[in-house]
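Since every read-out is calculated from the coordinates, none of them should be taken as a lab result. Keep in mind that what you see is a predicted model, and the values were worked out from it rather than measured. Positions of Cβ are generated from backbone atoms using ideal geometry, with glycine treated the same way; all protein chains shown enter the neighbour counts.
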Amino acid sequence: MAYGKYKDIQEVAKKYQIKLAVGAFVEPLPTVIEDHFRAELAYTLKSLDVRMSEAAISEFLIAPILREIWKQHREALLLWSHVSMKVGEEFDGYPDYLFTKLSPLGMVRDKPYLLVVEAKKDDFEGGWGQCLAAMIAAQTINENDQITLHGSVSNGDVWEFGKLQGHEFVRDQRSYTISALEELFAALNYVFTQATLLARQN
């Protein structure tokens, strides 16, 4: 089933017997935000209708932010955009953004899959259903359900975070916004740091 066909996280949890919980697992790690990135983001927000569609949100807001934070972790992680992630007959779709361990073969997808990010235009429940389904597919590919997978859903302005380990999914009770850019980058840096540590261990 395509990830986008799931309407909410409850549907996915029931189908795959995932326990849902709410917690506060993100421990923000402050990081440097380059001036040129701040200037580009300010220009984008001022000059473009970035919220006209999911595609615009993804291209003009989410991708630049992910690319900027990923550059600090590029020695361990690879960034993939809208690539097929098919697992048997059960899962078939294109996560908006996917991060995997950097392969010794260069630009080749390698296990473990570590982080999934989905763009949604204000439909966070639908976004989390889609994101959790993609995380379960990634867990299946990893062939190790004890590797913690992180996920995020964003409408460009607001970012939410979750993690999946085994059959338990925890959604962080806090959200972060681009209007508080330092806090958002600190939260993203925490998630990327966890993924980097797992990539180096596996």
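Here are a few things to note about the model shown:
- The residues on offer are ASP110, ASP96, ASP92, ASP49, and the sole one that is of a type in the set (Asp, Glu), crowded, with 17+ Cβ neighbours inside 10 Å and over 17 Å from LEU184 (Cα atoms) is ASP96.
- Screening GLY166 against (1) touching a strand residue (DSSP E or B) at 6+ places or on another chain (Cβ under 6 Å); (2) within 20 Å of VAL26 (Cα to Cα); (3) surrounded by fewer than 22 Cβ atoms within 10 Å (Cβ to Cβ) leaves a single unmet condition, (1).
- In the range 140-155, the residues that are touching a residue at least 12 places away in the same chain (Cβ under 8 Å) and surrounded by fewer than 24 Cβ atoms within 10 Å (Cβ to Cβ) reach residues that are part of a loop (DSSP other than H, G, I, E, B) and basic (Lys, Arg) with C-beta atoms within less than 9 angstrom, at least six apart or across chains, in these pairs: ASN155/ARG51; ASN155/LYS120; ASN155/LYS121.
- Matching residues, the range 118-139, being among the acidic types (Asp, Glu), out of contact with any Cys (no Cβ under 8 Å at 6 or more places or on another chain) and either in contact (Cβ under 8 Å) with a residue 60 or more places away in the chain or assigned to a strand (DSSP E or B) (or both): GLU125
- Residue, surrounded by the fewest Cβ atoms within 10 Å (Cβ to Cβ), within the range 169-184, restricted to residues that are touching a Leu at 6+ places or on another chain (Cβ under 9 Å) and more than 29 Å from VAL87 (Cβ to Cβ): THR177
- Enumerated helices (runs of 4 or more DSSP H) restricted to the range 1-117, each holding at least 1 residues that are more than 19 Å from the chain's Cα centre (by Cα) and β-branched (Val, Ile, Thr): 35-47
- If the condition is being within 15 Å of TYR16 (Cα to Cα) and more than 13 Å from the chain's Cα centre (by Cα), then the range 155-169 contributes GLN165, GLY166, HIS167, GLU168, PHE169.
- Sub-7 Å Cβ pairs linking a first residue in the range 80-103 that is within 10 Å of ALA134 (Cα to Cα) to a second residue that is in a strand (DSSP E or B) and among the hydroxyl-bearing types (Ser, Thr, Tyr), at least 6 apart or interchain, are LEU98/TYR113, ordered by first then second residue.
- For the range 170-183, a residue qualifies if it is assigned to a helix (DSSP H, G or I) and either touching a Pro at 6+ places or on another chain (Cβ under 9 Å) or without any contact (Cβ under 8 Å) to a residue 40 or more places away in the chain (or both), and the qualifying residues are SER179, ALA180, GLU182, GLU183.
- Any hit, the range 188-196, residues being more than 24 Å from PRO28 (Cβ to Cβ), surrounded by fewer than 22 Cβ atoms within 10 Å (Cβ to Cβ) and in contact with a Ser or Thr (Cβ under 8 Å, 6 or more places away or on another chain): no
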